[in-house]
Amino acid sequence: IGLRRFGDAHAHLRQALELSATIDDPTCQAHVHRSLGRLFARQGRFREALPHDEQALELYEVAGNRVGLANTLNAVGWHLAHLGDHQRALGYCERALTLYQELGDRHGQAITWDSLGYARHHLGHHPTAIDCYQRALDLFRELGHRNLEGEALADLADTHHAAGAGDAARECWHQALRIYEELGHPDAGAVREKLVLGA
């Protein structure tokens, strides 16, 4: 998946899915479904990703695997949000956040705050979305995840802009652009354009 050789990844994961069905190991089966969900999501195919992660969710619950459960709850919420079902997305992401907090998983908390920000933004709940993105941003900074810090800043900027806070939006876009240019991020041009046009 990481190499973007999606065709090969699909073939290998389909084979893994067939093999996992022959053994009595719900965690193994869940991992394969979770990988397929992640693969489809990386391609922007959220409608195809969703049933795999829903299946993974059931299997992780059977296995009592709380880490897998937290990861998959957030994934299902993310897929739903990208399919326009933002209200349902919130429920899954909030359950994921609670689990990540219980597990002490700060990276998981950060990505889930980001998911919550996305759903809240698209529901028009801009003050709450800003708070969610800020929480994600603070955690990404603490953890040293520069790429995710830049993405959170860009999302935070978009939400400030939607809320009518132009100065705050520009400041966040500037910070995001500095990180994107440093990392050679493919979205640097889009952020630069927003700064030039004032979005």
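The values are calculated or read from the model by the stated rules, or taken from the named source; none is laboratory data. In this text, all values refer to a predicted model and were calculated from it rather than measured experimentally. Using ideal geometry, Cβ is built from the backbone for each residue, glycine included, and neighbour counts are taken over all protein chains shown. Accessible surface is based on the protein model in full, side chains and every heavy atom, while ligands, DNA and RNA are left aside. Shrake-Rupley method; radii C 1.70, N 1.55, O 1.52, S 1.80 Å.
Observations on the model:
- Ranking LEU80, ALA110, TYR133 by how far each Cα lies toward the positive end of the dipole of the range 50-199 (charges on Cβ) leaves TYR133 at the top.
- Peptides 156-166, 81-91 ranked from most to least packed give 156-166, 81-91, packing being the mean of other C-beta atoms within 10 angstrom over each peptide's residues.
- With protein chains left intact and a 1.4 Å probe, residues in the chain average 50 Å² of accessible area per residue.
- Put simply, the C-alpha atoms of the range 38-81 give a gyration tensor, and the ellipsoid matching it has half-axes of 19, 9, 8 Å, longest first.
- Within the accessible surface of the chain, defined with a 1.4 Å probe on protein heavy atoms only, the carbon and sulfur portion equals 50 percent.
- Mean shadow area of the chain, taken as a quarter of the surface of its Cα convex hull (nm²): 11.4
- Each Lys and Arg Cβ is given +1 and each Asp and Glu Cβ -1; about its Cα centre, the chain then shows a dipole of about 340 debye.
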